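Structure record follows, encoded as structure tokens.
The values are calculated or read from the model by the stated rules, or taken from the named source; none is laboratory data. What you see is a predicted model, and the numbers here were worked out from it, not measured in a lab. Neighbour counts are summed over all protein chains in view; Cβ atoms, including those assigned to glycine, are modelled from backbone coordinates with ideal geometry. Side chains are part of the model used for accessible areas, which takes the heavy atoms of the whole protein and leaves out ligands, DNA and RNA. Shrake-Rupley method; radii C 1.70, N 1.55, O 1.52, S 1.80 Å.
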Amino acid sequence: MIKGILFDKDGTLIDFFSLWLGAAKAVVIQFLKENELSEEVKERVFYAMGIENGEIDPYGGLAYKSYSEIALDITDELSREQIYLDSRKVRMQLERLFAEYVTESQAQYVETADIKAVLDSLKQRNIWIGLATADTVPSAKNCLKRLEVLEKFDYVGADDGVLRPKPEADMFLEFQKKFGLKPQEIAVVGDTYNDIRFARENGGVAIGVLSGVSQEADFCGEADYILNSVGELPQLLEQI
């Protein structure tokens, strides 16, 4: 029986493309300026982020990695062009630039379903609700506030500089211990294979959604259930 659910955020609760693709384009332009880099390496930076020809790779960094991991990918890629940057400085730049973009009033937070209705349905079942995201804590909470659902979350797991990113066990174990749950009583709902790994490697139930960067094949046959969006989650819980 599922007693707790850990949601991914981007691509799961909110539309990934309307927010993060635009954010990445704006951030890269500013990133090049701040580091006095030429336009010639712009595509290299996009590639390192997991964006190629204007499309997001479901296995690429922007789809699921933390800023620290993306910073390493960028510095590794640029080093091939004999451009050497400090990955720690790059991480801080990315955190700041993305935060500035996603907290702007005009930033679009498009829900993948009626999130309030879904969460209310879970609350009626006495299910503990958590978030497990590669985003930073301030950015994650800002998103939930913009959606007017922050108070419905019993746990917010995000990049705080201490917790290791998914699929490492940190957020899963913290959520599990906080509410006294068994691993098999926790479902992870996400739009990437990394979310499925996060569930599988920690003993939880893996639920993939097709509202983000992945197609069904991208879950590699590892998901226990696949939904079009989180809007179908209440119905799934009725069935299982």
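Summary table below
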read-out	value
Amide proton proximity set for GLY157, modelled H, under 5 Å, gap of 5+	LEU131, ALA132, THR133
Cut-off under 5 Å, modelled amide H: who pairs with ILE14 long-range	THR112
Karplus-derived 3J(HN,Hα), 6.51/-1.76/1.60, for each residue of region 162-168, Hz, glycine and proline x	10, 5, 6, x, 4, x, 4
Length-normalised contact order of region 95-168 in % [C-alpha pairs under 8 Å, at least 6 apart]	33 percent
Contour excess over end-to-end distance, with Cα ends at GLN124 and GLU34 and 0.36 nm allotted per residue	27.5 nm
Normalised contact order of region 117-240, rounded percent, pairs of Cα under 8 Å and 6 or more residues apart	19 percent
Backbone HN-Hα couplings from phi across region 121-128 [Karplus 6.51/-1.76/1.60, Hz, Gly and Pro as x]	4, 5, 4, 5, 8, 6, 8, 6
Where region 1-138 is the region considered: accessible area per residue in Å², 1.4 Å probe	48 Å²
Percent accessible area from carbon and sulfur atoms, region 141-211, protein chains only, probe 1.4 Å	46 percent
GluC sites (Glu not before Pro) within region 19-89: DSSP coil, no more than 10 neighbouring Cβ in 10 Å	GLU36
Sequence-separation-based contact order of the chain, relative, with Cα cut under 8 Å and 6+ spacing, percent	26 percent
Partners for LYS33 among lysines (Cα-Cα distance below 27 Å; same-chain residues under 8 apart left out)	LYS25, LYS42, LYS65, LYS89
Estimated D of region 1-116 in µm² per second, where Rh is the Kirkwood radius over Cα pairs and Stokes-Einstein applies at 25 °C, 0.890 mPa s	162 µm²/s
DSSP beta bridges in the chain [antiparallel fraction, %, rounded to 5]	15 percent
Summed residue charge, Cβ within 12 Å of GLY231's Cβ, Lys/Arg positive, Asp/Glu negative	-2
Accessible surface of region 75-115, 1.4 Å probe, proportion on carbon and sulfur as whole %	44 percent
